[in-house]
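Each remark here refers to the structure printed beneath this line.
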Amino acid sequence: MPFASGGGDVQPSRLFEEFPAPSYRGNQESALSAIEDAFEAGNEVVLVRAPTGSGKSLLARAIMGCARRAEDADPHQATGAYYTTPQVSQLEDVAEDELLSDLNVIRGKSNYTCILQGENDTPVDRAPCARRQGFDCSVKHRCPYYGDRAIASARRHAATTLAYFMQTAGSEVFRTRDVVVIDEAHGLAEWAEMYATIELSPDRVPVWDGVGVPDVHTDTRKEEDALDRTARFAETLVGVCERAKNDLLSKPELTPGEAARRDRLQELISELGWFLEAYRDPESTTTWVVDQPDGEGSAITIKPLDPARYLRHTVWDRGNRFALLSATILSKDAFCRSVGLDPSTVALVDVEHTFPLENRPLLDVTQGKMTFEHREETLPKIARLLVRLMAEHPDEKGIVHAHSYAIAGSLSDRLAEMGVSARVRTHDRHDRDRALEAWKATDDPDVFISVKMEEALDLGDKLARWQVICKAPYLNTGDSRVERRLEEGQWAWYHRVALRTVIQACGRVVRAPDDYGATYLADSSLLDLFDRAAADVPPWFADAIDEMERPDLPEFDPAAALSGIGAAPGGSGGRRSRGSNRSAPGGGRRHETAGTSGNTSTDSDGATSRKDHPLSDVWGE
C-alpha cells in the first residue's frame, strides 16, 4: 500500500540517543537494534511484538525521535511524529510518565471544560463557540482544548487516542507527519470496523420520526438485495438530515441540545456519505453486511467487513513510516491482510519475554465446557471452584474474567448462595469504572467479577495475585460479520482473535519481572483453543502452556474462603458491590483435586451490541 507522498527520512541511527530512559532494562537494547535494522532495510512498517513489561512506550518514544526534524526538511516535507493508542488508559499513563513529557497530549473537545463565566460545567463541544454563529471568544487563547491543540500541532511529538486521530484525518491542523507510532495495535482492524460501523436507530438518528424505515430484507425491488435497499434508504436519510441541519444553521444561537443535534446530523451525513461512496465504487474492496433483526421501522446496522479502505484515509495517509506495537500481533501476514498492508514492506520484530515462567503460571482447573448448551451444567462447578480458589488465596485479591454480564450475574448469585458474597465485588455496564477503582483501592482480599476487562488493566503487585478465565473468549457467532467470515471458512481468524484475548488477559496480573500472579483456566474450551491456534502462539506463551499443571486445591469450604477477612459464611442471593476494612490471618487447609475437564468446542454467546464490543470499554476521544 502506498503511504503519504513525499517519502520518509527516518533516521534509525538516532534510536539509541532518543531512548528516553537513563538505562535499559530487559531486552530493550536488543529490541532497539532489531528495530533499527528493520527500518534500515527499507521497511515502511515495523511491527514490534513486545510482551508485557517490555516498556513499549519507551520504545515508541525512541522511534518517534527518529522522525525528520523541521530544520532538516524542505517546506513540503512531513516532519515530527504522532503517538496514538486505542486505549484511553494507556494515553493517561503516557501523560503521567515523566520520561515521556515531550509527548504533547491532545484529547477530544468533550474532555475539556469551558472556562467562560457561567459555563464552568459545559464541555467545550457544547460551549458558546459551538452554539452561536460568529461567536468571538474573548478567552480562546486560554481555552484548555485549543491550548492543548495548538501545542500538540506545533511540537515535534503529538499524542492522542486512536479515535481522535481518526477523526482528524484530513485536518489542516493535524497534517501528515513523518512517523506514526500506534501502541496496542493488535485490534486495529476491529477498531476500524467498529468505528466505521453505522448505527441507524432512534438514539442515533435525530430525524428518526421524520423518515419511514423500511424492512431492508423484504421491501426490495426486483434484483435488489438488502444492501441495495439500505443504500436507497441511506440516500433518502442524507437528504432529510441535510435539511434538518440547515434549519439549525439558520439560527443565530443554539441551545446545548440543538448544538448536539447539529453535530450528530453532520456526523451521520458524513458516515452515510462514506458508505454510499464505497457502495457505488465498483473497485471498492469493502464488503458490507446489514443487520435489521426486527424488520420495518426498527434499527439498521451497516457494518464493513474489510476496513482497509477506511484505514487508508484515517491512518495510512497520515504518515510516511509506521511502527505498530503490541504483545499480541500473532500472525504478521494475517494482520497485514486485515489492515490493508503489503507484507513485503512490513517487518516483524520479536522482543523476548523477561518475566520468569514460574512467576506467570497457567494452571488447568477446567470444569467442563462453557458453550451455551453446556453452560448450565458447568457454571455451578465454576462457582464451587471460585470458593476453593478463594480458600487457596485467603488474603490475596483476585479477578474473575466472566466474559459476559449473564455469566457474571450467575456466578455472583451462586457465590451469594454459598455464603461468600462478603468477599465478592461486581459491576454493571454503568458503574464499571467506579467499581473497578473501588476494588483496586481496597486493602481487603476481595474478588472482582469483571466483564470485558482483559485489556488495558494494570493489576501489578498486590492489586491482584490471581485471576480466572471463565470462558474461552470466542466472538459471538450471531454477529453478522463473524457469521459471514465463518461462512467463508475463516476459522483460523476466529481462533486467533480468541487466543489474542486470552494472552492479553494473562498479562493483567503480572506486570514486572519481580511480580507474580497465577492464571487459572476454568473452561475446557481454552485447552482446545491452544491446540487449534498452536501455529499463532508466541514462543514465550507456548512455554507457559507446555508447563501448565493441574494444581491441588483446598476442599470446598466457604468458611476457609472467608478466613482472610475474618467473616463467617452468610447471606443469600443477589449481587452486590461492597467494601470495608477487614483483615485476619489465613488458616490451614486440606486439599482435593481441581476437578475434571471435558471435551471442548467453540461457541456463541447470544446477541451483543456495540456497548458489548470486546474493545468498547476502552474506546473514547
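Which fully enclosed helices (runs of 4 or more DSSP H) of segment 507-621 have 1 or more residues being charged (D, E, K, R) and modelled with pLDDT of 50 or more? Give the derivation first.
On the way: elements: 525-532, 539-546, 558-561.
Because the criterion is at least 1 residues that are charged (D, E, K, R) and modelled with pLDDT of 50 or more, the helices (runs of 4 or more DSSP H) in segment 507-621 that meet it are 525-532, 539-546.
Looking at Glu253, Glu242, Glu267, which is the one that is over 29 Å from Ser338 (Cα atoms), open to solvent by 70 Å² or more (accessible area, probe 1.4 Å) and of a type outside the set (Lys, Arg)?
Numbers: Glu242 fails: open to solvent by 70 Å² or more (accessible area, probe 1.4 Å); Glu267 fails: over 29 Å from Ser338 (Cα atoms).
Result: Glu253 is the single residue among Glu253, Glu242, Glu267 that is over 29 Å from Ser338 (Cα atoms), open to solvent by 70 Å² or more (accessible area, probe 1.4 Å) and of a type outside the set (Lys, Arg).
Do any helices (runs of 4 or more DSSP H) entirely within segment 1-99 hold 1 or more residues that are open to solvent by less than 20 Å² (accessible area, probe 1.4 Å) and over 24 Å from Tyr164 (Cα atoms), and if so, which?
Values: elements: 15-18, 28-40, 56-64, 88-96.
Hits in segment 1-99: 15-18, 28-40.
The rows are residues; the columns are (1) under 27 Å from Leu463 (Cα atoms); (2) in contact (Cβ under 8 Å) with a residue 12 or more places away in the chain; (3) surrounded by 18 or more Cβ atoms within 10 Å (Cβ to Cβ).
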residue	(1), (2), (3)
Asp515	yes, yes, yes
Ala518	yes, yes, yes
Leu521	yes, yes, yes
Asp531	no, no, no
Pro538	yes, yes, yes
Phe541	yes, yes, yes
Phe556	yes, yes, no
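I'd like the residue in segment 441-485 that is in contact with a helix residue (DSSP H, G or I) (Cβ under 7 Å, 6 or more places away or on another chain) and of a type in the set (Asp, Glu) and, out of all such residues, is nearest to Tyr520 (Cα to Cα).
Top of the filtered list is Glu454.
When you scan segment 208-319 for helices (runs of 4 or more DSSP H) that lie fully inside it, which ones turn up with 2 or more residues that are free of Cβ contacts under 8 Å to residues at least 60 places away in the same chain and of a type in the set (Gly, Ala, Ser)?
226-249, 256-280
Does segment 435-491 hold any residues that are within 30 Å of His217 (Cβ to Cβ), of a type in the set (Phe, Trp, Tyr) and not in a loop (DSSP other than H, G, I, E, B), and which are they?
The answer is Trp491, and nothing else.
Restrict the check to segment 198-216 and report whether at least one residue is farther than 27 Å from Asp479 by Cβ, open to solvent by less than 30 Å² (accessible area, probe 1.4 Å) and modelled with pLDDT of 95 or more.
Checked against the condition, which is being farther than 27 Å from Asp479 by Cβ, open to solvent by less than 30 Å² (accessible area, probe 1.4 Å) and modelled with pLDDT of 95 or more, segment 198-216 yields at least one hit.
Which of (1) under 15 Å from Ala559 (Cβ atoms); (2) touching a strand residue (DSSP E or B) at 6+ places or on another chain (Cβ under 8 Å) does Val420 not meet, given it meets every other one?
Exception for Val420: condition (2).
Within segment 65-96, can you find the residues that are under 18 Å from Leu15 (Cα atoms) and touching a strand residue (DSSP E or B) at 6+ places or on another chain (Cβ under 7 Å)?
Matches in segment 65-96: Cys66, Ala67, Arg68, Thr79, Gly80, Ala81, Tyr82, Tyr83.
Being under 30 Å from Thr287 (Cβ atoms) and surrounded by fewer than 17 Cβ atoms within 10 Å (Cβ to Cβ) is true for just one of Glu488, Glu437, Glu455, Glu417. Which residue is that? If you could, list the steps in order and put the result at the bottom.
Values: Glu437 fails: under 30 Å from Thr287 (Cβ atoms); Glu455 fails: surrounded by fewer than 17 Cβ atoms within 10 Å (Cβ to Cβ); Glu417 fails: under 30 Å from Thr287 (Cβ atoms).
Unique residue meeting the criteria: Glu488.
Return yes or no: is Gly42 under 22 Å from the mean Cα position of the chain (by Cα), at positive phi and outside the structural domain of Asp514 (by the TED database)?
Details: under 22 Å from the mean Cα position of the chain (by Cα): no; at positive phi: yes; outside the structural domain of Asp514 (by the TED database): yes.
No; evaluated as a whole, the condition is false for this residue.
Every residue, every condition in (1) open to solvent by 20 Å² or more (accessible area, probe 1.4 Å); (2) modelled with pLDDT of 95 or more; (3) under 17 Å from Ala226 (Cα atoms); (4) among the aromatic types (Phe, Trp, Tyr), yes or no:
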| position | (1), (2), (3), (4) |
| --- | --- |
| Glu271 | yes, no, no, no |
| Arg280 | yes, no, yes, no |
| Thr301 | yes, yes, yes, no |
| Arg309 | yes, no, no, no |
| Arg312 | yes, no, no, no |
| Val315 | no, yes, no, no |
| Phe322 | no, yes, no, yes |
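The values are calculated or read from the model by the stated rules, or taken from the named source; none is laboratory data. Source: prediction; values computed, not measured. FYI the Cβ positions are ideal-geometry reconstructions off the backbone, even for glycines, and counts take in every protein chain you see. Remember, those area values only see protein heavy atoms, side chains included, never the ligands or the DNA or RNA. Shrake-Rupley method; radii C 1.70, N 1.55, O 1.52, S 1.80 Å.
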